[in-house]
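What follows is a short report on a single structure.
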Amino acid sequence: MLQEGEFERVGGGQTLKGDVRIIAATNLDLEAAVAAGRFRKDLFYRLNVIHLTIPPLREWAEDIPLLALYFLDKFCLENDRPAMGFTPNAMLALKNYDWPGNIRELQNVVERAVALTTGNMVHLEDLPDDIRRHHPEDDKIVLPVGVTMEEIERLAIIQTLKKTHGDKELAARLLGIGLATLYRRLKEMEVKEPAPTT
């Protein structure tokens, strides 16, 4: 079907033509899966005509307010609720959260807020614990006077890895160093890495 645009129904004997466009999405590295023999090479090249990489939600935090308000309007309409809004603290919490579940997680959080909120504003208390617990201060490192450069580097690496949930490639980019350098420094400093979150 992908190659010739032709197919046969199950149990049928007639060849039919199909005029369709296939759009496929995955969060897996398919090239690596092909190299490891876990994904068919011919299928990969049939599908991989136009390749789009969508960055995780945490990398485009400036869009979170627009997306959150879009979902808020959508779920208010679906649930026959009057128009609602977010308090500044609630919106700040949404913007500062890492969103490991990306846009689907944001959508679910807003849907939950519409279902549970009694007033016309979503407050910080109406958001899940994980989001409420995240504070902007988590993005800062406070250092005492006289701390050594080696300790500053160590703290910067540990905090950045926590922020990226163990994603070393992203941590290296944020730190402005190469991935190989990050691995070397982790080994030299014998840093125990934070467990990745799912």
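Below, the figures for the structure above:
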read-out	value
Subset tally (residues that are more than 11 Å from G85 (Cα to Cα) and of a type in the set (G, A, S)) for the stretch 57-72	1
Cβ pairs under 7 Å, 6+ apart, first in the stretch 161-178 and among the small types (G, A, S), second outside any loop (DSSP other than H, G, I, E, B)	A171/T160; A171/L161; A171/L182; A172/L179; A172/L182; G178/A172
Enumeration of residues in the stretch 31-57 that are among the small types (G, A, S) and either assigned by TED's automatic domain parsing to the domain that holds Q107 or not in a helix (DSSP H, G or I) (or both)	A36, G37
A68 vs. criteria in contact with a strand residue (DSSP E or B) (Cβ under 9 Å, 6 or more places away or on another chain), closer than 30 Å to A93 by Cβ and of a type in the set (A, V, I, L, M, F, W, C)	yes
Breaking point among (1) among the hydrophobic types (A, V, I, L, M, F, W, C); (2) outside any strand (DSSP E or B); (3) over 25 Å from R104 (Cβ atoms), for L28	(3)
Extreme residue, surrounded by the fewest Cβ atoms within 10 Å (Cβ to Cβ), among residues of the stretch 104-124 that are closer than 17 Å to N89 by Cα and under 23 Å from the mean Cα position of the chain (by Cα)	L124
Positions within the stretch 29-58 being loosely packed, with under 10 Cβ neighbours inside 10 Å and under 27 Å from L170 (Cβ atoms), in sequence order	A36, I50, H51, L52, T53, P55
When residues of the stretch 1-25 are limited to those that are basic (K, R) and assigned to a loop (DSSP other than H, G, I, E, B), the one surrounded by the most Cβ atoms within 10 Å (Cβ to Cβ)	R9
Sole exception among (1) outside the structural domain of D126 (by TED's automatic domain parsing); (2) over 25 Å from T164 (Cβ atoms); (3) within 23 Å of the chain's Cα centre (by Cα); (4) not in a loop (DSSP other than H, G, I, E, B) for F75, by number	(1)
Residue in the stretch 78-120 that is nearest to R133 (Cα to Cα), counting only those that are part of a loop (DSSP other than H, G, I, E, B) and charged (D, E, K, R)	D98
Residue count, the stretch 18-60 (criterion: touching a Phe, Trp or Tyr at 6+ places or on another chain (Cβ under 8 Å) and either of a type in the set (D, E) or farther than 30 Å from W99 by Cα (or both))	2
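Here is a yes/no grid of residues against (1) at pLDDT 85 or above; (2) under 30 Å from N89 (Cβ atoms); (3) part of a loop (DSSP other than H, G, I, E, B); (4) in contact with a strand residue (DSSP E or B) (Cβ under 8 Å, 6 or more places away or on another chain):
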site	(1), (2), (3), (4)
D130	yes, yes, no, no
V145	no, no, yes, no
L155	yes, yes, no, no
K162	no, yes, no, no
A171	no, yes, no, no
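The values are calculated or read from the model by the stated rules, or taken from the named source; none is laboratory data. None of these values were measured; they are calculated from a predicted model. Virtual Cβ from ideal backbone geometry, glycine too; neighbours counted across all protein chains shown.
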